[in-house]
1. Go through the range 59-74 and report how many residues are surrounded by fewer than 23 Cβ atoms within 10 Å (Cβ to Cβ) and either modelled with pLDDT under 95 or part of a loop (DSSP other than H, G, I, E, B) (or both).
2. Scan (1) assigned to a loop (DSSP other than H, G, I, E, B); (2) surrounded by fewer than 19 Cβ atoms within 10 Å (Cβ to Cβ) for the single condition residue 196 breaks and write down its number.
3. Could you list all residues from the range 223-252 that are under 21 Å from residue 327 (Cα atoms) and surrounded by fewer than 18 Cβ atoms within 10 Å (Cβ to Cβ)?
4. Assuming residue 241 fulfils every condition listed in (1) assigned by TED's automatic domain parsing to the domain that holds residue 491; (2) farther than 22 Å from residue 358 by Cα apart from one, which condition is it?
5. Just give me the residues in the range 430-462 being under 20 Å from residue 286 (Cβ atoms), among the small types (Gly, Ala, Ser) and at pLDDT 95 or above, in sequence order.
6. Considering the range 364-406 alone, what residues qualify as being within 17 Å of the chain's Cα centre (by Cα), farther than 22 Å from residue 471 by Cα and of a type in the set (S, T, N, Q)?
7. For the range 348-387, name all the residues that are over 21 Å from residue 285 (Cα atoms) and out of contact with any Asp or Glu (no Cβ under 8 Å at 6 or more places or on another chain).
8. In the range 402-422, what residues are within 14 Å of residue 352 (Cα to Cα) and not aromatic (Phe, Trp, Tyr)?
Amino acid sequence: MIALISGLAIFGATLTMAPAAYADDTTETQGLRKAVTLAGVRDHQAALDAIGAANGGNRVAGSSGYIASANYVESKLTAAGYTVTRFPFQFTFNADATPAVFQQTAPTPTTYVDGVEFSSMTFSGNGDVTTSVAAVDLTIPPSATPNTSTSGCESADFVGFPAGAIALIQRGTCTFRTKANNAQAAGASAVIVFNEGQTGRTGPVAGTLGEPTMTLPVIGTTHAIGADLANGVLAGDTGSTARVRVDRVNEERTTENVIAETPGGDPNNVIVVGAHLDSVSRGPGINDNGSGSAGILEIAEQFAARGIEPRNKIRFAWWGAEELGLIGSTRYVASLTQAEKDQIALNLNFDMIGSPNFVRFVYDGDNSAFPVGPGAADGPQGSGEIERVFHDYFGSVRLASSETPFSGRSDYGPFITAGIPAGGLFTGAEGVKTVAEAAIYGGTAGQAYDPCYHLACDTYANNSNTGLDQMSDAAAHAILYFAKRNFAKSPLVDPAGPVSTAKFWSPLVAK
């Protein structure tokens, strides 16, 4: 899953259970779900993990590890009987050439850990700066409501800013790019963006500036480190000094998407099933997103092995360069004519479905839990129906599910921008599991859903077998359900009422 594009609030979940009467007969998908095994998914993850280990520890887009991953997927699809298409494209590769450095040099000399307590932002400028730290319109302690800080969002925030200082800026309502641009215009020598501070928004910020034009070094860090550097000052010289060093490579590379579709099925009603295949540069990415990639590969294999004849064509896609800004899926959608876009009935996206401290998140297609606004994009008409199918499935097997917004962090983004209904599953990234979620789903409250998110430890061991098994079954159910759906008789229409206000079964209530 792509790192944060902006300072927007993206996580949170409203508990959602399916009603007692299920609209979709899960017996029709039982055979495929039984054929799609945890062992099969894990075998694919093991292969991707081995590829990462043999290629410098990652499978980042444009690298030998990514090429080997794409070759592996193609070989499995070809063996299953699919005709595979490779969709090449050029992109700007941006990653740390050498590890970033972040230190507090005064009043308390401290060296912070790259990738754990901070990270350089994608498309950061390069530089090595040691100087004073100046706060920019901070709110410490933060307001009760996330995504309310406007720190660094207006040029007026920098009136009186001491030129040459490091700008200390709080995450909030505007993009990291906007904050960095304003800091650069005010004469800052570097930028530190720290997390806003509310529950779930305390850990290190991992962000992107969107394009490679920034000249200042820009990093993201935790709320605690930012508050410590602020030293009780909300605007102006904090009395702290720090060192920020960023050394990133920025170059044009070529990578590709891997695409295969069922030979049969209505070409005017295409179900695009996607997962991104690339990892970040720090690790092999076996949850992010070896889990989704392996899951849909196992489903594609079993779909073919069982000789299923779909009413609607299924197009399986493994996207490249998602971690660099949803580039593969964006280029793909942009390559389509309007007529070709109109042929796509919906997009199903599976990005991180094996998080070790998981929650069964379903994208909030009807915006009932996350109204359109900062951190929640509008789900095109029909997205609520996709959401309903997932919630109904989980309810039918007596499992809780929760909602997560269309935050713009994964490859459904270009599809919903094009007006194509979308939905999918997610088990959580760097967000922190709440006490309520731990009571429902198990796991550990106060810890990240995936403590190895975007780190070297995102290996084969960094998955929940239980979560991965449950989410793979749910994915198989939805894919076959929509493959068999008669859109002519039953068009993709959202439920009459918000999904999240139905009468729900709960595992916390006696049955």
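The values are calculated or read from the model by the stated rules, or taken from the named source; none is laboratory data. Just so it is clear, the model here is predicted, and its values are computed rather than measured. Neighbour counts are summed over all protein chains in view; Cβ atoms, including those assigned to glycine, are modelled from backbone coordinates with ideal geometry.
1. Total meeting the criteria: 2.
2. If we test residue 196 against (1) assigned to a loop (DSSP other than H, G, I, E, B); (2) surrounded by fewer than 19 Cβ atoms within 10 Å (Cβ to Cβ), just (2) comes out false.
3. From the range 223-252, those under 21 Å from residue 327 (Cα atoms) are 248-252; that's our starting set.
Within the range 223-252, 249, 250, 251, 252 meet the criteria.
4. Residue 241 satisfies all of (1) assigned by TED's automatic domain parsing to the domain that holds residue 491; (2) farther than 22 Å from residue 358 by Cα except (1).
5. Those that are under 20 Å from residue 286 (Cβ atoms), among the small types (Gly, Ala, Ser) and at pLDDT 95 or above: 443, 461.
6. None; the set is empty.
7. Step one: list which residues in the range 348-387 are over 21 Å from residue 285 (Cα atoms), which gives 362-387.
Once the filter is applied, which keeps residues that are over 21 Å from residue 285 (Cα atoms) and out of contact with any Asp or Glu (no Cβ under 8 Å at 6 or more places or on another chain), the range 348-387 yields 371, 373, 374, 375, 377, 378, 380, 386.
8. Here is the first cut: in the range 402-422, the residues within 14 Å of residue 352 (Cα to Cα) are 404, 409-412.
Listed by number, the residues that qualify are 404, 409, 410, 411.
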